[in-house]
1. Inside the stretch 155-268, counting only strands (runs of 3 or more DSSP E) that do not spill past its ends, which hold 2 or more residues that are aromatic (Phe, Trp, Tyr)?
2. What's the total number of residues in the stretch 182-211 that are under 27 Å from VAL166 (Cβ atoms) and either surrounded by fewer than 16 Cβ atoms within 10 Å (Cβ to Cβ) or in contact with a Phe, Trp or Tyr (Cβ under 8 Å, 6 or more places away or on another chain) (or both)?
3. Within the stretch 125-169, which residues are in contact (Cβ under 8 Å) with a residue 24 or more places away in the chain, under 19 Å from THR32 (Cα atoms) and of a type in the set (Asp, Glu)?
4. Among the residues of the stretch 38-55 satisfying the criterion of being modelled with pLDDT of 90 or more and among the charged types (D, E, K, R), which is farthest from the chain's Cα centre (by Cα)?
5. Between GLY222, GLY182, which is on the phi > 0 side of the Ramachandran plot and outside the structural domain of LYS136 (by TED's automatic domain parsing)?
6. Residues in the stretch 126-135: is at least one surrounded by 19 or more Cβ atoms within 10 Å (Cβ to Cβ), in the same structural domain as PHE64 (by TED's automatic domain parsing) and either at pLDDT 95 or above or among the basic types (Lys, Arg) (or both)?
7. Which residue is modelled with the lowest pLDDT, if the candidates are limited to the stretch 242-267 and must be more than 17 Å from MET170 (Cβ to Cβ) and loosely packed, with under 10 Cβ neighbours inside 10 Å?
8. When you scan the stretch 170-198, how many residues do you find that are in contact with a helix residue (DSSP H, G or I) (Cβ under 7 Å, 6 or more places away or on another chain) and free of Cβ contacts under 8 Å to residues at least 40 places away in the same chain?
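The values are calculated or read from the model by the stated rules, or taken from the named source; none is laboratory data. On a predicted model such as this, the values are computed, not experimentally measured, just so you know. For neighbour counting, all protein chains shown are included, and Cβ atoms are generated from backbone atoms with ideal geometry for every residue, glycine included.
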Amino acid sequence: MIYSVLILFLVSAFGASDSKNAFDKSYPRDNTFCTIKGKTLELMIRGGSKTTEPGERGYGELLFYRAPKKVPRLLPLRDFTSETFRLFLGVSPGCSKSHGYRLGNSFAVLLRKENRPFPDKLTLQLFDLHTLTPQKLVDTDYLADKALPHPEGFAFRQVSEVGAAVAKVMIEGESYVHQQKGFPRWYVYSATGVRLLSDLSYEKFPWKKLFKDKDEFLALAGWSPSELRFEKDVLHLAVSHKLRRQCFLLTEKIRPLTSSDTWKCQPM
């Protein structure tokens with residue numbers, strides 16, 4: 001940790017001209033190659049310590065990029081001492097082993113910023129589509145865990161900080177095992193901003209089979225077409241192996257369950 005802070009002090013003190021020094025004194029975490037308009041760009045994550053804990057594997061506080069036939073250059077980050085990143089791993093049309101997508105006149109390489117004990121936050125490192133020069137690092141507060149291509153840019157899944165608490169609940173006089181889970185939502189990220197996608201949120205919903213169709217899903221989840229948002233944040237799942245039945249309930253927030261709650265049940 002002390003060695004890492006020393007490297008970051010040198011980088012912040014001497015600026016981009018000290019990229020080679022910072023690169024030589026850091027250690028590889030991960031890298032990806034991205035193809036932009038026929039040219040290849042490498043994005044590298046490096047850290048100041050030689051070894052990492054198992055839970056920190058792939059995370060690093062230094063981001064470097066290398067254009068074709070050029071030396072690695074350090075990307076300027078805002079807070080060298082506290083932010084660590086890893087690649088947003090996955091299959092995409094733009095990068096070798098991470099998500100990378102075109103956004104207007106920019107190319108976005110997706111990163112995940114460490115946010116423990118909660119899921120990582122979505123971060124974008126933008127590059128100019130024509131010159132491959134780095135643009136800004138874009139922070140978001142979205143806790144994203146999946147991404148896929150979209151005609152406007154890319155789509156990503158926002159997960160919740162809600163924990164899966166296990167308890168017992170009484171439904172129609174019978175005991176059920178109950179879990180509460182966050183409501184995952186899918187958004188599109190485009191050059192003009194972020195928009196919630198109701199159709200994709202339904203199609204990719206992990207418990208889609210609980211609903212008769214998309215209309216029932218939208219109605220029970222409190223979809224507001226005018227505000228483009230869901231009013232319900234928490235999904236409650238209840239199972240009775242004795243009765244071979246499963247029930248679910250959507251609520252606006254985490255709260256104690258009451259006898260007046262209306263569960264929707266069906267055979268398992």
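1. 185-190
2. Final tally of qualifying residues: 14.
3. Selection gives ASP145 alone.
4. Filtering the stretch 38-55 for residues that are modelled with pLDDT of 90 or more and among the charged types (D, E, K, R), the one farthest from the chain's Cα centre (by Cα) comes out as LYS39.
5. GLY222
6. Looking through the stretch 126-135, at least one residue is surrounded by 19 or more Cβ atoms within 10 Å (Cβ to Cβ), in the same structural domain as PHE64 (by TED's automatic domain parsing) and either at pLDDT 95 or above or among the basic types (Lys, Arg) (or both).
7. LYS253
8. Here the count works out to 2.
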